[in-house]
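Some notes on the structure that comes next.
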Amino acid sequence: MPAPMAAAADSRGRSSVDGGEIRWEDETKFDDARKWAATAWYNDQYNLKKIKIAPDAWNTITDLEWKDETRKDVTWVAQWRGRSGADAIVMNKAFLDGGKKYGSKSWRRKAAAHEMGHALGLDHKANGTLMSKSIGYLPSNARPTATDRNAYHRLWD
Ligand SMILES: [Zn+2]
């Protein structure tokens, strides 16, 4: 965030979903945030079960790779990349490492859950939603709001 492309509509085509699921591979050091993003978007309590979000396995193909970069030359805190090759969620250590501007569990969870929303095909939404364009406007509980969940259901149900 902000997205690398101009705002577009929610889109199955611009997502990491393949065969009704996102199988991810873990190369990030931010394990808590990675786990949070999966459970925030794949759980019974909020009726978000349409798209399975699970680790890669011996018999699955990786849809999404979690990884870290240290980029001081950019403004994005984390970024979903779905443009070519294997999709990725990149966590920017220049912002998310301990002692950095967003270097706490709460900020990391917000950033990771937001990017998982992009991996699910969601575009930016109004301030106050999990898909807010700016990290400062994301909900403090780092969960999809009703607006985010409705967009998910419109796209995938
Ligand atoms: Zn974004």
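Miscellaneous remarks
- Pairs are defined by a Cβ separation below 8 Å, a sequence spacing of at least 6 or placement on different chains, a first member in the stretch 28-57 that is free of Cβ contacts under 8 Å to residues at least 12 places away in the same chain, and a second member that is buried (at least 19 other Cβ atoms within 10 Å of the Cβ) and of a type in the set (D, E, K, R); no pair meets this definition.
- Here Trp107 fits the description: within 18 Å of Lys29 (Cβ to Cβ) and assigned to a helix (DSSP H, G or I).
- Complete set of residues in the stretch 103-131 that are without any contact (Cβ under 8 Å) to a residue 24 or more places away in the chain, more than 24 Å from Lys52 (Cβ to Cβ) and within 11 Å of the ligand (Cβ to nearest atom): none
- Taking the stretch 58-95 as the range and being free of Cβ contacts under 8 Å to residues at least 60 places away in the same chain, part of a loop (DSSP other than H, G, I, E, B) and not polar (S, T, N, Q) as the test, the residues that pass are Trp58, Ile61, Asp63, Arg71, Lys72, Asp73, Val74, Gly85, Ala86.
- Some residue of the stretch 35-53 being among the basic types (Lys, Arg), assigned to a helix (DSSP H, G or I), modelled with pLDDT of 95 or more and buried (at least 19 other Cβ atoms within 10 Å of the Cβ): no
- Residue pairs whose Cβ atoms lie under 8 Å apart, sitting 6 or more positions apart in sequence or on different chains, and linking a residue in the stretch 132-143 that is under 17 Å from Leu96 (Cα atoms) and assigned to a loop (DSSP other than H, G, I, E, B) to a partner that is among the polar types (S, T, N, Q) and more than 9 Å from the ligand (Cβ to nearest atom), are Ser134/Asn127; Leu138/Thr129; Ser140/Ser106; Ala142/Ser106.
- Per-region count, the stretch 60-88, residues of a type in the set (D, E, K, R), closer than 21 Å to Tyr102 by Cβ and loosely packed, with under 12 Cβ neighbours inside 10 Å: 2
The values are calculated or read from the model by the stated rules, or taken from the named source; none is laboratory data. What you see is a predicted model, and the numbers here were worked out from it, not measured in a lab. Glycine also receives a Cβ, built like all others from the backbone with ideal geometry; neighbour counts cover every protein chain displayed.
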